[in-house]
1. Work the Kirkwood hydrodynamic radius out for chain B: mean of 1/r over every pair of different alpha-carbon atoms, inverted, in Å.
2. Averaged over B:108-115, how many beta carbons belonging to a partner chain fall within 10 Å of each residue's beta carbon?
3. I need the shape label for the stretch B:1-59. Rule: rounded when a/c is under 1.5, else prolate if a/b > b/c, else oblate, with a, b, c from the alpha carbon gyration tensor.
4. Could you tell me which of B:Tyr128, B:Val24, B:Ala86 has its Cα farthest along the dipole of the protein assembly as shown towards the positive end, charges placed at Cβ (Lys, Arg +1; Asp, Glu -1), taken about the Cα centre?
5. Report, in degrees rounded to the nearest 10, the 0 to 90 angle that the Cα long axis of helix B:104-125 makes with the longest principal axis of chain B.
6. Using only atoms on other chains, find how many Cβ atoms lie within 10 Å of each Cβ of peptide B:137-146 and report the average.
7. Would you work out the charge dipole size for the stretch B:57-128 about its Cα centre, treating the Cβ of every Lys and Arg as +1 and the Cβ of every Asp and Glu as -1, and quote it to the nearest 20 debye?
8. Of B:Lys27/B:Lys141; B:Lys48/B:Lys121; B:Lys48/B:Lys124; B:Lys27/B:Lys124; B:Lys12/B:Lys124; B:Lys48/B:Lys122, which ones are farther than 28 Å apart at the Cα?
Amino acid sequence: MEEEIEIVENPDGTSTIKVVRSRRNCREATKPFEDAKGKVAETKPIANPGQVGQGISNRR
Amino acid sequence: MSHYSALATRFKDRNCLVAALGDVGYKTVEVHETGAALVGYQGDYRDKSDWGLHTNDIARAVTAEVLVRRAYIDPAANDLGFARGADGAFGAIISDYDRSRHDDAWMARLTQRYNLHVDRKKAKSLGYHVKETALPNGAIKLTLTR
């Protein structure tokens, strides 16, 4: 075995990646997994044309 | 139908998103290449120019590429959608009424499941052997070896 990587997926949606053993540098080993999951680390509201300036609606 | 709101996510892999939705209980998920209208509990739509306005014109409806129909959520629920944005990520479209069930904790759980599917897919493509271990705190550890 030349390479061992540990990835922990936490219940809050965050991830940690640890290189246990690798002949490559850590960055090269972890980058494919970081890239695959994207850079946005949390959910957040985004604007849409209908909600700008509006709060929570109680309409159903 | 209550007002729809959007949440940014980092979900870019559609198949992993569908699999993650299955993991959190939504086994029946619709996938539409060009999007389909989200339907509210009264069978109405929301206008894409103003997500607070009702419309019966399907051409003006808020759409999503990945949908969980309200029938699979709750009789009083509205459809849940995920629409691909300009950045390639699927934003979650959730009605305010359903925000209590699809809250931040639910989004976190969905994100955890999505991440696991992405990790497994990437690991497989890179030739790793994957061992999965559930941890006491609800986390899941993947040990990748090759």
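1. Numbers: mean 1/r = 0.0618 Å⁻¹.
Result for chain B, one decimal place: 16.2 Å.
2. Partner-chain Cβ atoms within 10 Å, mean over residues of B:108-115: 6.
3. prolate
4. Comparing the listed Cα positions along the dipole, B:Tyr128 ranks first.
5. On a 0 to 90 degree scale, this one is about 50.
6. Averaged over the peptide's residues, the number is 6.
7. Charge dipole, the stretch B:57-128, about its Cα centre: 460 debye, nearest 20.
8. In this structure, B:Lys48/B:Lys121; B:Lys48/B:Lys124; B:Lys48/B:Lys122 lie more than 28 Å apart at Cα.
Computed from the coordinates by the stated procedures, all read-outs in this text should not be read as laboratory data. None of these values were measured; they are calculated from a predicted model. Methodologically, a virtual Cβ is constructed for each residue, glycine included, from the backbone with ideal geometry; neighbour enumeration extends over all protein chains shown.
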